[in-house]
Amino acid sequence: MVIKTGRFGEFLACTRYPKCKYTQPVPLGIKCPKCGVGDLAERRTKRGRTFYGCLRYPDCDYSTWNKPVAVPCPSCGFVGMEEIKSKTTGETTRKCLKCAHQMLVEEAAPEAEEVTT
């Protein structure tokens, strides 16, 4: 399996692609919180909107609109939180995929650039 780039982004495919038709999306490295077996991957709806779902789709129907990040939850320890950006306040929060614990992400203050003369 190698990573290829198509018109809809990166995907995993056989080395003999397009003769070998087996393809799958690139996993994000976060286990599915519902089944615990499959990985989460970026997918698209019919209309082109991006969502994130389990690779074991017919068996597991977990999906979320918010992008998951590989950060451990301080409450339960599950590695996988979704990052939610508020359009009104501009704040970024993270919510655990398993226990729904929410925390505010503190933005790093931009460092003042030194001016040398």
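Every read-out reported here was derived from the displayed coordinates using simple, explicitly stated rules and does not represent laboratory data. It should be emphasised that the depicted structure is a prediction, and the values quoted were computed from it without experimental measurement. Here the Cβ is made from the backbone with ideal geometry for all residues, glycine too, and neighbour counts use every protein chain on show.
How many of the residues in region 61-70 are under 23 Å from Val105 (Cα atoms), surrounded by 15 or more Cβ atoms within 10 Å (Cβ to Cβ) and aromatic (Phe, Trp, Tyr)?
Counting residues in region 61-70 that are under 23 Å from Val105 (Cα atoms), surrounded by 15 or more Cβ atoms within 10 Å (Cβ to Cβ) and aromatic (Phe, Trp, Tyr) gives 0.
I'd like the full set of residues that are hydrophobic (A, V, I, L, M, F, W, C), under 21 Å from Ser63 (Cβ atoms) and assigned to a strand (DSSP E or B), limited to region 90-105.
Scanning region 90-105 gives a single hit, Cys96.
Quick grid of which residues meet (1) loosely packed, with under 13 Cβ neighbours inside 10 Å; (2) under 19 Å from Arg44 (Cα atoms):
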residue: Arg56; (1), (2): no, yes
residue: Asp59; (1), (2): yes, yes
residue: Pro72; (1), (2): yes, no
residue: Gly77; (1), (2): yes, no
residue: Met81; (1), (2): no, no
residue: Lys85; (1), (2): yes, no
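Taking region 1-54 as the region of interest, how many residues are among the β-branched types (Val, Ile, Thr) and surrounded by 17 or more Cβ atoms within 10 Å (Cβ to Cβ)?
Total satisfying the criteria: 1.
Go through region 32-66 and count every residue that is in contact (Cβ under 8 Å) with a residue 40 or more places away in the chain and either among the hydrophobic types (A, V, I, L, M, F, W, C) or on the phi > 0 side of the Ramachandran plot (or both).
The total comes to 1.
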